[in-house]
Amino acid sequence: MRIDAITIREIQARLKAPFETSFGSTWQRRILLVQVLAEGLSGWGEVTAGEGPFYNSETTDTAWLILREFVAPLVLKQSSVAAETVTPLLEVIRGHEMAKAALENALCDIEAQRRGIPLSKFIGGTFTEIPSGVSIGIQSSTKELLPLIAKELAAGYQRIKIKIKPDKDVEVIAAVRKEFPSAKLMVDANSAYRLADSERLKKLDAYDLMMVEQPLAWDDIFDHATLQKQMRTPICLDECIHNAHHARAALELGACRIINVKLGRVGGHTEARRVEEICRQRSIPVWCGGMLESGIGRAHNIAMSTLPGFVLPGDVSASRRYWDEDIIEPEVEVSARGTIRVPASQGLGYAVRRKRIEQLTVRSETFRAKPAPVPVAGAD
C-alpha cells in the first residue's frame with residue numbers, strides 16, 4: 001500500500017502515582033504517538049521510550065528526531081510499503097528500535113483493518129484471553145509495599161513483580177514472602193547489580209521466586225550466563241535483548257531461562273514474533289513487559305501477548321492502574337480471574353479517543369507523501 005501521511009505527536013499525561021525503579025522515579029509521562037494514513041485507513045503506534053536515557057539509550061526527544069528526520073522521509077518516498085517490508089527497509093537506521101517500532105506497529109494496525117481481522121490474528125496470535133500480572137515500583141518502606149501487594153492480589157492479578165535495588169532487596173522480599181507464602185512473585189533489578197554482587201543475589205533463591213529480571217548490566221549477556229549457573233532461580237533477560245540474534249545468543253550461552261519481550265525494545269511486531277519463535281522452539285517461556293504505556297501501546301501489547309509462546313503473565317494491566325483517563329475506549333480491564341479478554345474487532349480492537357489525544361498534545365507534525373507522477377502518453 002502507499003502511505004499518504006505520517007503524523008507524530010507528543011502527548012503529556014500524569015500517572016496516578018509515581019513509579020520508582022532502580023534508575024529513578026516517573027510521574028509525568030511524555031509519550032510519542034505515530035499515526036499513519038493509508039488507503040483511507042488510520043493506524044496507530046506508540047513510542048515506548050522514557051523521558052531520559054535510563055532504561056535504554058532512547059528518549060522521547062531522540063525518537064522525535066529519528067522519526068522526523070529519518071523514518072518518515074524514508075518510508076514516504078516508497079511507492080509501496082507493508083508491515084513485513086518496513087522492518088528491512090528501516091535496517092539502515094542503526095538502533096532506535098522504539099522509534100521504528102511505532103511506525104511498524106501502526107502499519108500492522110492498518111493491515112489488520114484492511115483484512116477485516118483483529119491485530120492479534122494478523123500477527124499470528126492464538127489466545128483469546130491473556131493472563132495479567134502487575135509491576136509494583138520501589139516503595140519507601142516494606143510497610144507501604146505490603147498493602148499494595150494485597151490490593152493487587154485481591155484485584156485478581158496472577159503475578160506480582162517487585163522492583164528491587166541493592167539497598168531494597170533481600171530483606172524486602174523475605175518480608176513479602178512471609179506475608180504472601182503462596183503468591184507468584186518475581187523481582188526486577190533493572191540492571192542495578194554487578195557480578196561481584198552474586199552472593200547477595202543468590203540469597204534470593206530462598207524465596208521461591210518465578211524469576212529475577214535483568215540483575216546485571218543493561219547490555220550484558222556473558223556475565224548473566226555466569227550468574228545463572230550459580231543461581232537456582234531463573235534469570236529473565238530484558239534490557240539486553242534487542243532482537244532475535246540477541247535472544248539466540250543468550251539462550252545458547254545459558255544466560256537466562258526466561259525472556260521478557262517488550263514490543264518497542266525489539267523493534268515491533270515482526271521482530272517480536274522472531275524472538276517468540278526462537279524461544280518457543282527451545283521451550284523457553286516469554287512474557288510481555290510494560291513501559292508505562294498509554295492505551296495505544298497497551299493494545300499492541302495485548303495483541304503481542306496472544307502469540308503461543310507467551311505463557312507467563314505479563315505486565316499488561318488495567319488502564320485505571322496508571323491513568324485517571326486513558327486515550328482508548330473501552331479502557332483495558334482485568335477480570336476478577338486476572339485475565340484480559342483479547343478484542344475481536346478489526347485492527348487495534350479499541351477506539352482511539354482523538355479528542356482526548358488533542359487535549360493532551362503539546363506538539364505534532366505531519367509529513368505527506370509527494371503525489372505519484374502522472375504518466376503522459378507519448379513521453380520518453
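The values are calculated or read from the model by the stated rules, or taken from the named source; none is laboratory data. Here the structure is a predicted model, which is why all the values come from computation and not from measurement. All Cβ positions, glycine included, derive from the backbone under ideal geometry; neighbour counts span all protein chains shown. Only protein heavy atoms, including side chains, enter the accessible area calculation; ligands, DNA and RNA are left aside. Shrake-Rupley method; radii C 1.70, N 1.55, O 1.52, S 1.80 Å.
Descriptive notes on the structure:
- Scope segment 23-49; condition buried (at least 22 other Cβ atoms within 10 Å of the Cβ) and not aliphatic (A, V, I, L, M); matching residues: GLN35, GLY43, TRP44, GLY45, GLU46, THR48
- Residue in segment 196-209 that is touching a residue at least 60 places away in the same chain (Cβ under 8 Å) and over 20 Å from the mean Cα position of the chain (by Cα) present: no
- Lone qualifier among GLU271, GLU277 - being of a type in the set (Asp, Glu) and in contact (Cβ under 8 Å) with a residue 60 or more places away in the chain: GLU271
- Filtered residues of segment 134-174 (kept if surrounded by fewer than 16 Cβ atoms within 10 Å (Cβ to Cβ), small (Gly, Ala, Ser) and more than 20 Å from VAL311 (Cβ to Cβ)): SER140, SER141, ALA150, ALA154, ALA174
- In segment 297-330, the residues that are within 20 Å of ALA112 (Cα to Cα), assigned to a loop (DSSP other than H, G, I, E, B) and in contact with a helix residue (DSSP H, G or I) (Cβ under 6 Å, 6 or more places away or on another chain): THR306, LEU307
Residues checked against (1) of a type in the set (Gly, Ala, Ser); (2) at pLDDT below 95; (3) within 23 Å of LYS121 (Cα to Cα):
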residue: ASP4; (1), (2), (3): no, no, no
residue: ARG30; (1), (2), (3): no, no, no
residue: VAL36; (1), (2), (3): no, no, yes
residue: LEU41; (1), (2), (3): no, no, yes
residue: GLU84; (1), (2), (3): no, yes, yes
residue: GLU104; (1), (2), (3): no, no, yes
residue: LEU107; (1), (2), (3): no, no, yes
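- Test for LEU74: is it part of a strand (DSSP E or B) and among the hydrophobic types (A, V, I, L, M, F, W, C): no
- Residue match in segment 341-359 (condition: open to solvent by less than 10 Å² (accessible area, probe 1.4 Å) and under 23 Å from LYS262 (Cα atoms)): yes
- Meets criteria (touching a Leu at 6+ places or on another chain (Cβ under 7 Å), in a helix (DSSP H, G or I), at pLDDT 95 or above and open to solvent by less than 60 Å² (accessible area, probe 1.4 Å)) for ASP205: no
- From the options ASP220, ASP109, residue that is open to solvent by less than 50 Å² (accessible area, probe 1.4 Å), part of a helix (DSSP H, G or I), acidic (Asp, Glu) and within 30 Å of HIS245 (Cβ to Cβ): ASP109
- The single condition from (1) at pLDDT below 95; (2) surrounded by 21 or more Cβ atoms within 10 Å (Cβ to Cβ) that LEU312 fails is (1).
- The listed residue being part of a helix (DSSP H, G or I), at pLDDT 95 or above, of a type outside the set (Gly, Ala, Ser) and surrounded by fewer than 21 Cβ atoms within 10 Å (Cβ to Cβ), out of GLU199, GLU271: GLU199
- With respect to the stated conditions, THR21 fails to be hydroxyl-bearing (Ser, Thr, Tyr) and modelled with pLDDT of 95 or more.
- Selection count where residues are small (Gly, Ala, Ser) and over 18 Å from THR128 (Cβ atoms), scope segment 282-313: 6
- Residue count, segment 229-243 (criterion: open to solvent by less than 10 Å² (accessible area, probe 1.4 Å) and outside any loop (DSSP other than H, G, I, E, B)): 3
- Some residue of segment 8-16 being in a strand (DSSP E or B) and buried (at least 21 other Cβ atoms within 10 Å of the Cβ): yes
- Any hit, segment 331-338, residues being part of a loop (DSSP other than H, G, I, E, B), closer than 26 Å to HIS96 by Cβ, open to solvent by 10 Å² or more (accessible area, probe 1.4 Å) and among the charged types (D, E, K, R): no
- Qualifying residue in segment 243-257 (condition: touching a Gly at 6+ places or on another chain (Cβ under 9 Å) and among the hydrophobic types (A, V, I, L, M, F, W, C)): no
Every residue, every condition in (1) touching a Leu at 6+ places or on another chain (Cβ under 7 Å); (2) in a helix (DSSP H, G or I); (3) of a type in the set (A, V, I, L, M, F, W, C), yes or no:
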residue	(1), (2), (3)
THR87	no, yes, no
LYS100	yes, yes, no
SER135	no, no, no
GLN139	yes, no, no
PRO147	no, yes, no
LEU153	no, yes, yes
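- Filter result for LYS184 (over 29 Å from GLY309 (Cβ atoms) and open to solvent by 50 Å² or more (accessible area, probe 1.4 Å)): no
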